[in-house]
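The values are calculated or read from the model by the stated rules, or taken from the named source; none is laboratory data. Just so it is clear, the model here is predicted, and its values are computed rather than measured. Backbone-built Cβ (ideal geometry, glycine too); neighbour counts: all protein chains shown. For accessibility, only protein heavy atoms count, side chains too; no ligands or nucleic acids. Shrake-Rupley method; radii C 1.70, N 1.55, O 1.52, S 1.80 Å.
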Amino acid sequence: MTATPNMDFVNDIIANGGESVNMCYQCGTCTASCPSGRQTSFRTRRLVRMAQLGMKDETINSDELWFCTTCYSCTERCPRDVAIVDIIVAMRNLAVASGKMFEGHKKTAQSLIKNGHTVPINDEVKAQRKALGLAEVPPTVLANKDAKKDFDKIMKATGFKKIIGE
Amino acid sequence: MAKAKYAFFLGCIAPLRYPGIEKSTRDVCSALGIDLVDFNDASCCPAPGVIRSFDRKTWIAAAARNLALAEKAGVDILTICNGCYGSLFDAAHELHEDAELLKEVNTILAEIGLEYKGGTTVRHFAEVIYNDVGLDKVKKAIKNPLDLKVATFYGCHFLKPSDIKKLDDPENPSMLDKMVEATGATSMYRKDKMMCCGAGGGLRSEFSDYAMKFTEENLKNMKDGGAEVIVDICPFCHLQFDRGQKELKGYSMPVLHLSQLYALAMGMDKKELGLDAHLTPVKL
Ligand code: SF4
Ligand code: SF4
């Protein structure tokens, strides 16, 4: 099988913070530093190689793309200063843009849109807050309707709802 | 030193899952002369591991809104979470370095009549105490010295990426250990101290079994190192260890945020620490 590099994919990664992708010389320091690679089938060096080769379908449809915790261990040690996390984030953005998003992630994104926060408030925490002498609802967009409206406008301007497939 | 004043950036996990961290931070800051003002138009930072992974532009626009609001109020931002710190610090850095990006983001902020000029500094509670307040002042405020063996947990986004954070050695740091030891406690050595807790990057929300493997490896190293308490500086690491131990067998190490440890050491009432929100019981 011969694979043709998808240069659009490589260029998209480069345009979205992954300028350094072609600096990688495949030493494997990243894989050796990766706590996720110790627990899962994810291999950082391999993913960077797949990015260089423009393997769009193989990367954006893989679960492994989402096994990185963005811990930056690899980035700290890379001898070529490759911005590995930025490259992974760029590929994740492209995966989401092409409609590939997991349910758990979608829920977090929906909560951000709805509440302005990634986790919702509940009665239990309201009671705990009250008992501590804190405002029942935290003093953020949660308690400030005008600020939430502004936040909504930002979300609308970036088209976040559409991006997450809502 | 002039009295430092900050917009208190709450984030999501602390106020909505561990309100004791918010309360302890307020009390400790007040005792140490750090003036916090409520940041009552702030939203989520937004979370770097998830929201930035979904759409970088949404992430930086929403982060820039928070930065611009603080700038308008004439205060810098104080965070108590590595996620918030990472997000807002990194966003401020990117906007500082990239004039094109700043322009693009400002066209979005213009929709709500805001502009970010690039003047907000983003700080973390722990480094403000370490760098600005100083451990001498902390030691003077300790009324209830703690005889505890502690596993310090720095998390990832406090020190890293170290080329922009410039706080401490990312492979072998000591500032949190010194901050913990200022209370009389002992920071215990352990294997692989800088390993990630596993929660970040969307791993916990979608592949929690894998996240838990990180957590278990950390817990084992902490236990082998002789620690009896975990002290973190990030509510998300905090949640991962506190809730994680309920699911895993054989571990019951109380988890405290640095603010809670300090509140305890400064003699504040235990009830003020919000420990009933913890799933791993805190019996100290
Ligand atoms: S450490 Fe850097 S140069 Fe080495 S394989 Fe990983 S990304 Fe490439
Ligand atoms: S940032 Fe991601 S790829 Fe790099 S070491 Fe951490 S988990 Fe692995």
Quick check: convex hull of the Cα atoms in segment B:95-181, volume per residue, rounded to a whole Å³? 146 Å³
To the nearest 20 debye, the protein assembly as shown has a Cα-centred charge dipole, built from +1 on Lys and Arg Cβ and -1 on Asp and Glu Cβ, of 740 debye
For A:Tyr25, B:Tyr6, write out the residues from largest to smallest accessible area, computed with a 1.4 angstrom probe and no ligands counted. A:Tyr25, B:Tyr6
Taking N as the number of residues in segment B:35-178, what is its alpha-carbon radius of gyration divided by 2.2 N^0.38 Å? 1.16
Positive-end extreme of charge dipole, the protein assembly as shown - chosen from A:Phe42, B:His124, B:Asn144 (charges on Cβ): B:Asn144
Can you check how the C-alpha radius of gyration of the protein assembly as shown compares to 2.2 N^0.38 Å, as a plain ratio? 0.94
Positive-end residue, chain B charge dipole about Cα centroid, Cβ charges, pick of B:Leu261, B:Cys81, B:Gln240: B:Leu261
If eta is 1.567 mPa s and T is 4 °C, what Stokes-Einstein diffusion coefficient results for chain B, Kirkwood Rh from Cα pairs, in µm²/s? 68 µm²/s
Helix B:99-109 versus the longest principal axis of chain B: what angle, 0 to 90°, nearest 10, using Cα atoms? 90 degrees
Rounded to the nearest 10 Å², the 1.4 Å probe accessible area of B:Val133 is 20 Å²
Inverting the mean 1/r over all pairs of different Cα atoms, compute the Kirkwood radius of chain A and quote it in Å. 18.2 Å
On Cα atoms only, tilt of B:208-224 relative to the major axis of chain B in degrees: 50 degrees
At a Förster distance of 35 Å, what's the computed FRET efficiency of B:Asp269 paired with A:Lys153, Cβ-Cβ distance as r, to 0.05? 0.25
Restricting everything to alpha-carbon atoms, can you work out Rg to Rh for segment B:159-284 with a Kirkwood hydrodynamic radius? 0.95
Report the accessible area of B:Glu94, computed with a 1.4 Å probe over the heavy atoms of all protein chains in place, in Å² rounded to the nearest 10. 50 Å²
Report, as an integer, the average count of C-beta atoms from other chains found within 10 Å of each Cβ along A:125-131. 5
Spin-label model distance (nm) - A:Asp81 vs B:Tyr189, 7 Å beyond Cα toward Cβ: 3.5 nm
I want the antiparallel fraction of DSSP beta bridges within the protein assembly as shown, as a percent rounded to 5. 0 percent
For chain B, the accessible surface attributable to carbon and sulfur atoms (probe 1.4 angstrom, ligands and nucleic acids excluded) amounts in percent to 48 percent
With contacts defined as alpha carbon pairs under 8 Å and 6 or more residues apart, what's the relative contact order of segment A:40-166 in percent? 19 percent
Compute the angle between helix B:19-32 and the longest alpha-carbon principal axis of chain B, please, reported from 0 to 90 degrees and rounded to the nearest 10. 90 degrees
A:Tyr25 to A:Met7: extension gain in nm, 0.36 nm per residue of separation minus the Cα-Cα distance? 4.6 nm
